[in-house]
Amino acid sequence: MQVLESYRSDFDPVSGAWLICSCGPVATIGAGVLTVSRLCTMSAPADSSLPKTYLGWSIATAIVCFLPLGLITMYYAWCTSQAIAEGDIARARRTSHLARRWLVATVVIGAGLELLIGSLLLLLGAFGH
């Protein structure tokens, strides 16, 4: 009897995990009879904790808070998604960490600038009658 098995991996965007598809036995040949069956199971590997890309947050902070730092955050978020797509999890973790740092910096500096500009306008009487 001969058993053929195949394995492949796919990225599931819904769960954000790499899935291993094990298909087997694909064909069994025994006693002169060819039996073809396909039993596929999808399972997540042991280390399925992929880093976050922060792409949505980086776009939002670039629009709302401070565009120059938001663009840097978007770049690192994009690098994270590219590293995940290439399967380079170590690089994805590094760029995800950098994206998170730039995201926090964008929010803090953007909020600080908005408060500073609002305070200056208030002191100069821009909102007066």
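Structure values in brief
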read-out	value
Contour excess over end-to-end distance, with Cα ends at LEU55 and LEU115 and 0.36 nm allotted per residue	19.1 nm
Relative exposure of THR80, THR95, judged by other C-beta atoms within 10 Å (fewest first)	THR95, THR80
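We did not get these values from a lab; they are worked out from the coordinates using the rules stated. Just so it is clear, the model here is predicted, and its values are computed rather than measured. No Cβ is skipped: glycine too gets one built from the backbone with ideal geometry, and neighbour counts run over all protein chains shown.
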